[in-house]
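Since the structure comes first, as structure tokens, the remarks are kept for the end.
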Amino acid sequence: MRKKDLVDEIKDFKENKKKLIPVVIVLGILGLFLPILPGVALLFFGFLLIFPKEGENLLKKIRSQFKNVTRTGT
């Protein structure tokens, strides 16, 4: 993949992200009431799309809280 192609893909993603965020948020809200949709996960994904840096910090906090759960014991 050439650098120009990657830059174009990033620009396309940023433009499409603005269209994707409301859909994900609405589906997340619906998912809180409908058992078929994973509401909390969709709301979290929408949060990550809106605030990527804060989302990374939140993921780090979650991982540090639950590191004993995800750690494979010997």
Test of understanding: among VAL23, VAL7, which residue is at pLDDT below 85 and either over 19 Å from LEU58 (Cβ atoms) or among the hydrophobic types (A, V, I, L, M, F, W, C) (or both)? VAL7
Which residues, counting only those in region 32-58, are assigned to a helix (DSSP H, G or I) and farther than 20 Å from LYS17 by Cα? LEU32, PHE33, ASN57, LEU58
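The values are calculated or read from the model by the stated rules, or taken from the named source; none is laboratory data. These figures come from a predicted structure and were not determined experimentally. Here the Cβ is made from the backbone with ideal geometry for all residues, glycine too, and neighbour counts use every protein chain on show.
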